[in-house]
Amino acid sequence: MPMPHRTFAEVAKRRLVGKDGSERVATIRALLGELPGYRNGPYADLRKWLEAELDRTRVRAKVVHRDSLQVRREGAAQVALVGPPNAGKSSLLQALSDIQIKTGDYAFTTLRPVPALTRIGGVLVQLVEIPGLIEGAHEDRGGGRALLGVLRNADAIVYCQDAGGAPAALDVVRREVAAAGIEKRAILALTKADELPDADLERAVDQWADSWHAVESVVAVSVLDDESLDRLRDAIWGLTGLIRVRPRRGGRVDDEPFALPIGATVAELAERIHHDVAAACTGGRVWGPSARFEGQRVGREHVLADGDVAEVGTR
């Protein structure tokens with residue numbers, strides 16, 4: 001008996017994460033070989049998707065990019081970590097993901113953008129560490145134009161600043177980002193929070209929050225403190241403009257949620273599950289923040305909220 005089509009789709013996506021070139025081609029071919037040979041229905045749609053992905057991978061392998069720093073997007077959103085040299089970006093990226101990268105107590109440890117995936121509430125989000133920007137980056141000093149190009153393609157920004165460091169270094173980064181005309185939703189992470197007494201840390205958070213209104217929040221974080229890392233993950237999720245909704249089918253709730261745009265409806269969830277489900281959708285039942293009571297029956301246009309569980313009703 002073949003694997004359920006939605007489960008197969010999720011497995012396929014996970015197996016493709018982080019793979020490029022010949023390795024990605026080989027994985028896609030293996031997945032195509034595992035698919036049932038149906039000519040219609042969801043398995044046929046999966047075959048078309050994999051074949052299209054195979055074509056895209058081959059095209060990417062043939063193209064020579066002028067910007068050698070281009071980062072291929074993965075996950076539901078891409079968020080850039082940017083700040084002055086030695087602001088703790090690499091340590092933070094390592095703590096938020098499973099990636100192993102070189103870190104050091106000296107500037108410019110990282111010389112190229114480093115992508116990594118982190119799971120936030122069940123959804124994969126791509127974080128990209130941008131090497132330390134220096135004055136004149138927008139005029140291509142230190143290869144800054146290519147780095148700013150990666151930043152421009154991100155969905156949001158986490159500015160990183162040593163909690164005990166002087167603001168001047170981050171001011172340089174802020175000016176270079178502004179000079180490049182980049183405006184994104186952003187938060188400020190005050191790193192190495194464990195190195196400051198509580199009173200000094202609280203004062204630093206308040207000072208940054210009072211002086212920099214362009215960021216949505218200021219989060220003190222230490223890679224040694226799991227609770228602070230969780231708070232940072234929550235703040236990063238808030239930047240994505242997405243909600244997490246888990247589908248419920250046959251009385252069982254899926255482990256992995258769908259990432260949907262804020263304002264998404266039951267009908268849009270149905271479309272994400274499969275277009276045949278969307279065509280037959282009559283509404284559904286909802287448990288969670290958007291429901292007035294657990295298991296509320298709702299129509300197709302009911303607006304879902306982050307953390308909802310939704311069961312799509314079909315005719």
Report, largest value first, the span of the C-alpha coordinates of the range 145-218 along each principal axis, in whole Å. 38, 19, 18
Straight-line reach only, C-alpha to C-alpha below 18 angstrom: list the aspartates and glutamates that residue 48 could link to, leaving out same-chain residues fewer than 8 apart. 10, 34, 271, 276
Could you list the GluC sites (Glu not before Pro) in the range 276-315 that lie in coil according to DSSP, counting only those with at most 10 other Cβ atoms within 10 Å of their Cβ? 294, 301
Distance (nanometres) between label positions extended 7 Å along Cα→Cβ at residue 140 and residue 10: 4.7 nm
Farthest toward positive dipole pole in the chain [+1 Lys/Arg, -1 Asp/Glu at C-beta], among 44, 312, 31: 44
Among 84, 257, 197, the residue with the largest mean-square fluctuation in a Gaussian network model of the chain built from Cα contacts under 10 Å is 197
Any idea what the alpha-carbon Rg over 2.2 N^0.38 Å comes to for the range 178-296? 1.47
Using just the alpha carbons, could you tell me how many Å³ per residue the convex hull of the range 232-287 encloses? 95 Å³
Can you tell me, using C-alpha contacts under 8 Å and at least 6 residues apart, the relative contact order of the chain as a whole percent? 12 percent
Assuming a viscosity of 1.306 mPa s and a temperature of 10 °C, what translational diffusion coefficient in µm² per second does Stokes-Einstein assign to the chain, Rh being the Kirkwood radius over Cα pairs? 73 µm²/s
How high is the relative contact order of the range 133-212, in percent, counting Cα pairs under 8 Å that sit 6 or more residues apart? 32 percent
Where nothing but the Cβ of Lys and Arg (+1) and of Asp and Glu (-1) is charged, how large is the charge dipole of the chain around its Cα centre, in debye to the nearest 20? 1820 debye
Stretchable slack from residue 195 to residue 179, in nm (0.36 nm times residue separation minus alpha-carbon distance): 2.5 nm
Above 25 Å lies some portion of the pair distances; for the range 96-238, what is it as a whole percent of all C-alpha pairs? 26 percent
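The numbers here are math on the coordinates, done by the rules we state, and not lab data. A quick note: this is a predicted structure, and the numbers were derived from the prediction, not measured. Cβ coordinates were reconstructed from backbone atoms using ideal geometry, including for glycine residues, and neighbour counts include every protein chain displayed.
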